[in-house]
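Working notes, structure below.
Nothing in this text is a laboratory measurement; each read-out follows from the coordinates by a stated rule. Owing to the predicted nature of the structure, the values given are computational and were not obtained by experimental measurement. Don't worry about glycine lacking a Cβ; one is built from the backbone with ideal geometry, like all the others, and counts go over all protein chains shown.
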Amino acid sequence: MKAIVFNAHGGPEVLKFSDVPDAKIRPNEVLVRVKACALNHLDLWVRAGIPGVPIPLPHIPGSDVAGEIAQIGAEVTTARVGQKVVLAPGVTCGKCAACISGRDNYCRQFTNLGYMIDGGCAEFVRAPEVNCLPHPENLTFEEAASIPLVFQTAWHMLIFRAELQPGEDVLVLGAGSGVGSAAIQIAKFFGARVLATAGSDEKLQKAKQLGADHLINHKTQKIREEVRRITNKRGVDVVFEHVGTATWDDSLASLAAGGRLVTCGATTGYDAKVDLRFLFSRQLSLLGSYMGTKSELHTVMKLVAEGRLKPVVDRVFPLAEAVAAHAYLESSSQFGKVVLTV
Ligand SMILES: [Zn+2]
């Protein structure tokens, strides 16, 4: 089969559109004919190499897959050949206490398609039967592939970790990112007021169309000052972080007393400082969050099928142009998802 594969870590140029051996399924797995695979920042890190994470080489990246089932393993009972599916990115043991309690993103063996195992930037990908979710009829393959990773991550952050309540104020950083555009919609769905930041007025207008109530251009305005002004000096209840070093100080300074900062990433760097006096005296919570559960993704897909949450597709590239797609995502000029079609 054709696939995007790399044999060494590096820049986008290490990605090669090549012939690779066909994926072989296990009895509890399905083989999916990939129609679309959305990119995530995770793909950029996996390609560049992550210290201490031995990605098996050669490697096929890609976590967010929509397609059709081409083949099923002998033990598969709930999926049929020809069915349109969206794949949950998280692959776990399915047997440990975390998995059977439904908190599969706490599984010690947790990985994503395209992370420690081959992913969806290929004509075919194998995945456990339990990862198959119905493809919403109202979506194209490109739109469906844009949902899983960012929406389950944003849902887990806001709802499970930060326990967002109706009427609260949420600061969503990096509204133009996939995870930011998902967070705006989820926060609005739960009845929150959303303050969104982005680096251009064009992106901010798109954030507004998704429901953001207040817009902050982080290139021309100071985030903490705008938050103080908009909230009458109170600060926000929840800060949705994934940017890291570049925004960390503003994020902390933007919290109201009792506020929660939830983070799923560190795109601009992972060095951060916390003034402990500020942390305890204002009774703040700093929350880490990693991916999301399959159960949360089922909830998200139901809401997407009902049209209450919407995929945000920025740009579509053919699979063979993965190098250009990675370079484009790295430039941070997108609003929403960058998707490869197969
Ligand atoms: Zn497990």
Filter the trypsin sites (Lys or Arg not before Pro) in the stretch 295-342 down to the DSSP loop ones having no more than 14 other Cβ atoms within 10 Å, then list what survives.
Arg308
Burial order of peptide ranges 322-330, 220-228, 141-149, 72-80 (average beta-carbon count within 10 Å, highest first)
141-149, 322-330, 220-228, 72-80
Mind checking the dipole of the stretch 139-212: about its Cα centre, +1 per Lys or Arg Cβ, -1 per Asp or Glu Cβ, Debye to the nearest 20?
80 debye
Give me, ordered by chain and number, the residues 5 or more places off Val91 or on other chains with an amide H under 5 Å from its own placed amide H.
Thr111, Asn112, Leu113
Filtered trypsin sites (Lys or Arg not before Pro), the stretch 239-280: DSSP coil and at most 16 other beta carbons within 10 Å:
Lys273
If you restrict to DSSP beta bridges whose two residues both lie in the stretch 59-208, what percentage is antiparallel, to the nearest 5?
60 percent
Using +1 at the Cβ of each Lys and Arg and -1 at the Cβ of each Asp and Glu in the chain, identify which of Ala8, Asn232, Ala98 lies farthest towards the dipole's positive end.
Asn232
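Note down the net charge around Lys337, summing +1 for each Lys or Arg and -1 for each Asp or Glu among other residues with Cβ under 11 Å from its Cβ.
Numbers: positive: Arg315; negative: Asp64, Glu142, Glu143, Asp314.
Result for the local shell: -3.
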Could you list which residues have their amide H under 5 Å from that of Leu287, counting only those 5 or more apart in sequence or on another chain, with H placed in the peptide plane?
Leu261, Val262, Thr263
Additional length obtainable on full extension of the chain from Ala266 to Glu330, 0.36 nm per residue less Cα span
21.6 nm
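Nearest-5 percent of antiparallel DSSP beta bridges in the stretch 1-142?
That works out to approximately 95 percent antiparallel.
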Only Lys, Arg (+1) and Asp, Glu (-1) charged, at Cβ; the chain dipole about Cα centre in debye
640 debye
Using DSSP, restrict attention to beta bridges with both residues in the chain and report what percent are antiparallel, rounded to the nearest 5.
55 percent
